[in-house]
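The values are calculated or read from the model by the stated rules, or taken from the named source; none is laboratory data. This structure is a prediction, so every number in the text was calculated from the model and none was measured. Positions of Cβ are backbone-derived with ideal geometry, glycine not excepted, and every protein chain shown enters the neighbour counts. Side chains are part of the model used for accessible areas, which takes the heavy atoms of the whole protein and leaves out ligands, DNA and RNA. Shrake-Rupley method; radii C 1.70, N 1.55, O 1.52, S 1.80 Å.
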Amino acid sequence: QRLQDIHFWKGELQKEIEDLDAETGLLAAQKLRLERALDATEVPYSIATDNLQCRERRQPPDLVCDEVERELLKEAELIRNIQELLKRTLMQASNQMRLNRDHKEICEMDWSDKVETYNIDDKCGRYNNQSTNIQFHPSSVKFEESASTPETWAKFSHDNIYKAEREKQASINLRALIDNILHDVSEDLRMQCAAVNEAFAKHLEELDDTKHKLEHHLKKTLKEIGDQEANIAALKQAIKDKEAPMKVAQTRLYDRSFRPNVELCRDAAQFRLINEVEELTESIESLKKKLLEAEQSLRNLEDTRMNLEKEIAVKTNSIFIDRQKCLAHRTRYPSTLKLAGYQ
C-alpha cells in the first residue's frame, strides 16, 4: 500500500514537472515574441521622429502645427507608451519564468525524494527471514522527532503540486495576456500609421491644389506684366510722337514774335497756334500721368510676381519634404506580423 501511495504521488509530481517544463517553454516563446515586437517598434519610432525633424525644415508660412504634425506626435507618443508596456510585460514574463523554474525545482526535489524512498521501501518489502543482508540495529527502534505523519506527508506533495499548478495557470494567463497585448499593439500601430498616411495624402492634395492655383495666378501676372510693358512702351512712343508737332507750333509762335510793329497782330493764326500748343501740352501731361500710373502698376505686378514665385517655392519645398522625404521613409514601416513579434 505504501509503495502504491509513493508511486501515485511520484507520478503526479512527474506529470506536474513535465507540464511546468512545457509551459515554461511556451512562455519563453512568447517572451521572444515580446522582444521581437519591442525591437520592431524602433523602426516606426525612428520614422516618426525623422518625419517630425524633416518637417521642421518647411518655410513660413507653411511651418505650422498642422493635422499631419498632430498625427505624427500622436504616433510618437503611442510608440513610447507601447515600448513601456512591452518592457513591463517582458519583466512580468521573466518573473513568471523564474517562478515556474523555482516550483519545478521544488517538485523535482520532492520527486527525487519519492524515488529514493520508493527504492528503500521496495528493498525493505523484499527482506525476509532467509535474507543474508539483515542484521541487528537496536538504535533504530524509535520514532524520529522530525518524522511526518501520513497526512502531513501527503499534504506536503499535494501543496507542492497545488502551488506548481497555480503558477502554471498564472503562466497560461500571462501567455494569453501577451497574445492580446501583441495583437492590440500591432493593430494600434498600423491604424495610427494609416491615420498619418491619410493626413499626409490630404495635406499633399491641398498643397498641390494651392501650388497649381499659384502657378495659374503667376502665369496671368506674367501676361499682365508683358501687356503693361507693351503699354508703357506705347505711351513713351506716344509722348515722343507729340514732340515734333509741339516743336513746329512753338517754332511758329517764336518766329511770329519777330513780326515788326503793327504786324505783331493777334490774328486767327496766332490764336490757333496758342490753342494747338495748349492742346499738345495737355495731351502730353495726360500721357505722362498715364505713364506714371502704368509704371506704378508694373512695379506692383513685379512685386506680385516675386511674392507668387516665393510662395510657389515654399509650397514646392513643403511638397518635396512631405512626399519625397517623409512618405518615402514611411514605406519602411514594419508589417502587422512583424509588430506582433513574428519573424
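Step by step: first the residues of the range 112-142, then only those that are open to solvent by 90 Å² or more (accessible area, probe 1.4 Å) and of a type in the set (Val, Ile, Thr), then the one that is farthest from Trp153 (Cα to Cα). Which residue is that?
Going through the qualifying residues, I end up with Thr132.
Kindly indicate whether Glu77 is in a helix (DSSP H, G or I), surrounded by 16 or more Cβ atoms within 10 Å (Cβ to Cβ) and out of contact with any strand residue (DSSP E or B) (no Cβ under 6 Å at 6 or more places or on another chain).
The answer is no for Glu77.
Of all residues in the range 320-343, count the ones that are open to solvent by less than 20 Å² (accessible area, probe 1.4 Å) and part of a helix (DSSP H, G or I).
Counting residues in the range 320-343 that are open to solvent by less than 20 Å² (accessible area, probe 1.4 Å) and part of a helix (DSSP H, G or I) gives 5.
Please list, ordered by first then second residue, the pairs with beta carbon atoms under 8 Å, 6 or more apart or interchain, first in the range 217-240 and over 11 Å from Thr304 (Cβ atoms), second open to solvent by 60 Å² or more (accessible area, probe 1.4 Å).
Listed pairs, sorted by first residue: Leu235/Lys290; Ile239/Lys288.
Inside the range 1-52, can you point out the residues that are aliphatic (A, V, I, L, M), open to solvent by less than 50 Å² (accessible area, probe 1.4 Å) and out of contact with any Leu (no Cβ under 6 Å at 6 or more places or on another chain)? Walk me through it before giving the result.
Restricting attention to the range 1-52, the residues satisfying the condition of being aliphatic (A, V, I, L, M) are 3, 6, 13, 17, 20, 22, 26-29, 32, 34, 37-38, 40, 43, 47-48, 52.
Retained after the next criterion (residues that are open to solvent by less than 50 Å² (accessible area, probe 1.4 Å)): 6, 13, 17, 20, 27-28, 34, 37-38, 40, 43, 47-48, 52.
Passing the criteria: Ile6, Leu13, Ile17, Leu20, Leu27, Ala28, Val43, Ile47.
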